[in-house]
Amino acid sequence: MNTLVDHYLLHLKSLLPAKQREDIAAELRDSIRSAVEEREREQGRALTDAELNEMLRGFGHPIVVAGRYLPMQHLIGPDVFALYWYVLQAVLIVMTVVGGLLMGIALLTAPNAMQAAVQVAIESWWMALHAAALVTLAFAALDYGKARFSFLDKFDARNVSAGILGVRGAPLSAISRADTVFEIATTGILLLWWVEWLAFPSEWLGVVLRLSDAVEPLFYPVLALCIVELVRLGVDLAHPYRTVPRVALRLVLNLAWLALFVLAYRTEGLVEIAQNIRAENPEHILGIAQASMRVTLVVLALVTVTLAATDVVRLVRR
Amino acid sequence: MPSDLIDKLRLELRRGTLTVAVLAQLRSEHYGYTLRKALAKLGLDIDEGTLYPLLRRLESQGLLTSEWREEDKREKRFYRLSAEGRTILKQLLDEWRALNGALDNIV
């Protein structure tokens, strides 16, 4: 008996929190021994290994039993799961769209189109996987630290957004705080990248890319717009209601962004190769990067036009 | 699938009631094994893998006290309801009776 029970408890102990390990194991050992002794009394003989094994199975697999003693029972709890799922979906949708666009560009422009497209697909897949892992880790850390999103506790039904795709009948005056948090995060990342306090892995398809000096005239306008946007978003976060001045301000800012996107689109050579690591045809890679940049600018301009049009409609309705 | 569903719903239904049953049974002192037997005798089966972590959790919440003591030439951990546990149990039983009454009216 002892060998099998010891083996079971040894496995269990290896999974238990160190401070409670001996205590829990001693208690379970006593419980198992009591159960075995009672069964042996009933049957008038010692239990076979098979019967003992069956009894231990009733206690549960050591991994399951140990899991019940751990303070943390889940990676992301129900309090934050919905928000986690929302953010994860948003991130993956954006990455899928960007990956699809890059693949399309590679297919249309690369001499070895299939190979380039597969390479872009693999890189996009890894980036999406990393992004999903980072989002998951961030929410697991929030949940572990018992962090709570105060706006989830103090929600006002009038402010609840219609979700990522929206539904008919959503109130016009409400600003979703989840959307605002997302916008603050993206604007913040853009700002930090723009002032070079944040660097992304710059190697792409075997070359290191960087923005060229051609973007210099755009430096201060983008910087100023980012700062004003962050202030505006901060106000939105504190007071999630639309007012005429705030909608008008967003409209003006969107028009300014649109002007910058058009200027950037018309600027030749936005990116350049800083270093060729292993690309056989760096000029071609540069061509893909520049085309990608132009497509991104077109997408951003279209999004900005849509947002501006929405604001115009809101102001007219008002 | 219907069997899985009923198991899941049964588990949800039992989860809260097990805590009340364990607290109520520990108005008198027990160690894990005798507690489980006593509950089973009264019609409430609870497996060891659920009972022992539950006892730890209730103790860490201050609702139970425990001590290691020798009985039948073996060291055993005895549990008993604490003063705070008595207060909480009374509140939980009031809640349980109210729920039970409401459910009786509904069904």
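The values are calculated or read from the model by the stated rules, or taken from the named source; none is laboratory data. Model, not experiment: these values are computed from the prediction. Here Cβ is always computed from backbone atoms with ideal geometry, including for glycine, and neighbour counts include all displayed protein chains.
The table that follows gives values for the structure above.
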item: Selected residue (only one of A:ALA264, A:ALA259, A:ALA238, A:ALA279 is within 20 Å of A:VAL312 (Cβ to Cβ) and out of contact with any Ser or Thr (no Cβ under 8 Å at 6 or more places or on another chain)); result: A:ALA259
item: Condition broken by A:VAL94, with the remaining ones in (1) under 30 Å from A:ASN281 (Cβ atoms); (2) more than 15 Å from the chain's Cα centre (by Cα); (3) surrounded by 13 or more Cβ atoms within 10 Å (Cβ to Cβ) satisfied; result: (2)
item: Residues located in the stretch B:1-36, provided they are charged (D, E, K, R), assigned to a helix (DSSP H, G or I) and under 12 Å from the mean Cα position of the chain (by Cα); result: B:ARG14, B:ARG15, B:ARG36
item: Every residue from the stretch A:43-76 that is among the acidic types (Asp, Glu) and within 13 Å of chain B (Cβ to nearest Cβ); result: none
item: For A:ARG39: the one exception among (1) without any contact (Cβ under 8 Å) to a residue 24 or more places away in the chain; (2) surrounded by 12 or more Cβ atoms within 10 Å (Cβ to Cβ); (3) more than 11 Å from chain B (Cβ to nearest Cβ); (4) over 24 Å from B:ALA38 (Cα atoms); result: (4)
item: Tally, over the stretch B:39-61, of residues that are assigned to a loop (DSSP other than H, G, I, E, B) and facing chain A (nearest Cβ under 9 Å); result: 1
item: Every residue from the stretch A:99-119 that is part of a helix (DSSP H, G or I), of a type outside the set (Gly, Ala, Ser) and in contact (Cβ under 8 Å) with a residue 60 or more places away in the chain; result: A:LEU101, A:LEU102, A:ILE105, A:THR109, A:GLN119
item: Which listed residue, of B:ARG69, B:ARG74, B:ARG36, is at pLDDT below 90, within 20 Å of A:ASP23 (Cβ to Cβ) and within 14 Å of chain A (Cβ to nearest Cβ); result: B:ARG74
item: Neighbours by Cβ (under 6 Å, 6+ apart or cross-chain): first from the stretch A:296-308, touching a residue at least 12 places away in the same chain (Cβ under 8 Å) and β-branched (Val, Ile, Thr); second surrounded by 16 or more Cβ atoms within 10 Å (Cβ to Cβ) and assigned to a helix (DSSP H, G or I); result: A:THR304/A:ASN254; A:THR304/A:TRP257; A:THR304/A:LEU258
item: Filter result for B:LEU64 (modelled with pLDDT of 95 or more and either more than 26 Å from A:LEU56 (Cβ to Cβ) or more than 12 Å from every other protein chain (Cβ to nearest Cβ) (or both)); result: yes
item: Count of residues meeting criterion [surrounded by 16 or more Cβ atoms within 10 Å (Cβ to Cβ) and β-branched (Val, Ile, Thr)] in the stretch A:276-294; result: 2
item: Leading residue by the ranking (farthest from A:ALA140 (Cα to Cα)) among those in the stretch A:68-80 that are in a helix (DSSP H, G or I) and free of Cβ contacts under 8 Å to residues at least 40 places away in the same chain; result: A:ARG68
item: Some residue of the stretch B:62-78 being without any contact (Cβ under 8 Å) to a residue 40 or more places away in the chain, surrounded by fewer than 16 Cβ atoms within 10 Å (Cβ to Cβ) and in a helix (DSSP H, G or I); result: no
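Table: residues versus (1) farther than 23 Å from B:ARG15 by Cβ; (2) touching a His at 6+ places or on another chain (Cβ under 6 Å); (3) assigned by TED's automatic domain parsing to the domain that holds A:ILE24; (4) in contact (Cβ under 8 Å) with a residue 24 or more places away in the chain.
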{"position": "A:ASN53", "(1), (2), (3), (4)": "yes, no, yes, yes"}
{"position": "A:ALA128", "(1), (2), (3), (4)": "yes, no, no, yes"}
{"position": "A:ALA141", "(1), (2), (3), (4)": "yes, no, no, no"}
{"position": "A:GLY145", "(1), (2), (3), (4)": "yes, no, no, no"}
